[in-house]
Amino acid sequence: MKRIIAALALLGCAAGTAAQAPQAITIRAGRLLDGRGGAQQNVVVRVEAGKIVSVGPSSEAVTHDLSKYTLLPGFIDTHVHILWHFGEDGRFDTRGETPDDRIIAALRNARATVLGGFTTVQSVGEPGDLALRKALTEKCPATAECIRLVGPRILTSVRQITERTGGRGNANGLATPDQLRQAVRDAKEAGADVIKLFASASIREGGKQTMSDEQLQAACGEARTLGLRTLVHAHSPESIRAAVVAGCTQIEHGTFATDEVLKLMAERGTFFDPNVGLVLQNYLENKAKFLGIGNYNDAGFAAMERAIPVVIEMFKRALKTPNLKIVYGTDAVAGAHGRNIEEAVVRVRRGGQKPMDAIRSLTSLSAESLRMQDTIGAIAPGLQADLVAVEGDPLRDITALRRIAFVMTGGVVIDSGRPRGTPRQAAPAAPRRLRDR
Ligand SMILES: [Zn+2]
């Protein structure tokens with residue numbers, strides 16, 4: 001850990017601050033969107049001991065005057081790969097790195113993510129997520145050398161489960177239902193907050209169902225017994241249907257979802273996380289960095305390029321499906337961290353989602369999908385003071401969400417690391433090609 005801290009000092013991260021004195025923080029917001037569909041003008045949010053205690057009109061002097069900005073709950077991304085990064089040669093191949101190297105790279109991702117307004121992410125997931133979370137949450141001793149690392153709250157699946165997990169000794173290599181139940185228990189034992197399953201192949205390989213109906217029932221059933229949620233990677237309609245019928249909690253991607261399975265998800269209350277605005281576009285943008293590694297081949301890239309209009313069209317149908325709970329997830333991989341908000345821009349601009357609905361998805365609905373609606377996802381008394389201020393009105397121009405002016409997690413202002421007195425920097429602008437995809 002010492003090495004990680006030393007490396008972070010070289011990255012020029014936030015200067016160390018001693019633990020903040022427990023005093024009331026008051027924030028005046030010019031405009032406030034509460035994450036649950038409510039909007040107010042010129043209100044004061046009072047924060048004590050890291051939590052919101054009141055929201056309402058007031059003429060009192062405040063500790064933070066954000067009257068020129070729009071205040072929102074901290075954003076939530078339910079699907080990221082927070083450790084994925086490009087290696088020193090700029091390529092995705094990072095074999096040869098030590099576990100510490102990986103955590104150091106992930107700390108950059110974490111910092112970019114929180115400065116982009118995302119105060120909670122769900123990583124799906126690898127064991128290093130736990131080390132990253134530990135690094136981010138460990139209390140700094142109050143010494144001058146101490147670097148306060150910044151990042152979002154992290155939930156993790158710790159590992160991913162496929163049709164083969166636990167079945168290596170079997171003749172066909174496929175896991176039996178009992179072996180999958182064991183794999184789910186093992187993941188919980190390892191510290192998983194959520195179970196990540198692969199019900200279909202990658203989009204680069206056609207996205208066909210890979211886990212059998214019986215396997216999905218075993219894995220999602222066991223997770224339910226243990227009180228854990230299940231996130232299921234599924235592209236084909238068959239794999240989506242099987243996962244929904246098995247009672248899994250949330251479907252990821254859903255590229256080839258038909259109206260019938262969209263309706264089925266809505267009927268069963270299954271959360272749907274279509275990733276339409278960042279992951280595929282980011283792969284294409286960074287093609288040279290991935291090409292030639294694993295299934296990142298020419299055919300795979302061609303499949304991803306073809307999938308972009310397909311997912312946009314699917315998303316439009318998802319929006320028309322009554323009662324479908326569309327949550328916010330980007331599938332952020334290497335190259336995408338810090339740009340998680342691009343998904344919202346695409347959902348609104350290309351998909352036609354109403355800005356207020358996109359914001360509810362990004363905050364309260366995603367909090368509900370994490371079963372954390374009583375902790376995060378809204379600006380309301382009793383909830384954690386995870387707050388983001390942006391320049392402009394996102395209800396008129398969704399790209400306002402890119403212009404982050406202020407971030408607070410649990411009542412602590414996240415410092416961007418700029419020297420005191422210099423103008424606050426906006427979040428890094430997205431490359432041109434990504435803006436409208
Ligand atoms: Zn993913």
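Take the Cβ-Cβ distance between V53 and T137 as r, set R0 to 22 Å, and report the resulting FRET efficiency rounded to the nearest 0.05. Efficiency, from the Cβ-Cβ distance: 0.40.
Residues R164, R403, ordered by accessible area of protein heavy atoms at a 1.4 angstrom probe radius and largest first, appear as R164, R403. Extension gain, Q160-R371: 0.36 nm per intervening residue step, less the Cα-Cα distance, totals 73.9 nm.
Here the chain is treated as a Stokes sphere of Kirkwood radius computed over C-alpha pairs; at 4 °C and 1.567 mPa s its diffusion coefficient rounds to 58 µm²/s.
Relative to the Cα centre, what is the charge dipole magnitude of the chain, using +1 at the beta carbon of each Lys and Arg, -1 at the beta carbon of each Asp and Glu, and rounding to the nearest 20 debye?
Values: 56 positive and 46 negative charges, 161 e Å.
Roughly 780 debye, rounded to the nearest 20.
With respect to the cross-link table entries K263/K289; K68/K316; K208/K316; K68/K354, which display a Cα-Cα separation exceeding 27 Å? With Cα atoms farther than 27 Å apart: K263/K289; K68/K316. Go ahead and run the numbers for FRET between L226 and E60, Cβ-Cβ distance against an R0 of 56 Å, rounding to 0.05. My answer for the efficiency is 0.75. Since only V244, T98, L387 are under comparison, the one whose Cα sits farthest along the positive direction of the charge dipole of the chain, derived from C-beta charges on Lys, Arg, Asp and Glu, is L387.
Quantify, in whole percent, the carbon and sulfur part of the accessible surface of region 79-214 (1.4 Å probe; protein heavy atoms only). Mind showing how you got there, number by number?
Numbers: 3100 of 6170 Å².
Carbon and sulfur: 50 percent of the exposed surface of region 79-214.
Label-to-label distance for A302 and K320 is 3.1 nm, based on points extended 7 Å past Cα in the beta-carbon direction. When only Cα pairs below 8 angstrom with a gap of at least 6 residues are kept, the chain shows a relative contact order of 20 percent.
With only Lys, Arg, Asp and Glu charged, each at its Cβ (+1 for the first two, -1 for the last two), find how big the charge dipole of region 111-254 is about the Cα centre; round to the nearest 20 debye.
On the way: 18 positive and 15 negative charges, 71 e Å.
So the dipole magnitude of region 111-254 works out to roughly 340 debye.
Counting only protein heavy atoms and a 1.4 Å probe, the chain has 42 square angstrom of accessible area per residue. Couplings 3J(HN,Hα) of region 241-249, computed from phi: 4, 4, 5, 5, 5, 6, x, 5, 7 Hz, in residue order, whole Hz [Karplus 6.51 cos²θ - 1.76 cosθ + 1.60, θ = phi - 60°; x for Gly and Pro].
Where a ≥ b ≥ c are the square roots of the eigenvalues of the C-alpha gyration tensor, would you call region 42-175 rounded, which needs a/c under 1.5, or, failing that, prolate if a/b is larger than b/c, or oblate? Prolate, since a/c reaches 1.5 and a/b exceeds b/c. Let a ≥ b ≥ c be the square roots of the eigenvalues of the Cα gyration tensor of region 149-289; is it rounded (a/c under 1.5), or, if not, prolate (a/b larger than b/c) or oblate? Rounded, since a/c falls under 1.5.
Here the Karplus curve 6.51 cos²θ - 1.76 cosθ + 1.60, taken at θ = phi - 60°, turns the phi angles of region 266-275 into couplings of 4, 5, 8, x, 6, 6, 10, 10, x, 9 Hz, with x standing for Gly and Pro.
Report the percentage of all Cα-Cα pairs in region 156-237 whose separation exceeds 21 Å, rounded to a whole percent.
Counting pairs separated by more than 21 Å, the tail of P(r) holds 23 percent.
The values are calculated or read from the model by the stated rules, or taken from the named source; none is laboratory data. In this text, all values refer to a predicted model and were calculated from it rather than measured experimentally. With ideal geometry, Cβ positions are generated from the backbone for all residues, glycine too; neighbour counts draw on all protein chains shown. For the accessible areas, the whole protein counts, side chains as well, though only heavy atoms, and no ligand, DNA or RNA atoms are used. Shrake-Rupley method; radii C 1.70, N 1.55, O 1.52, S 1.80 Å.
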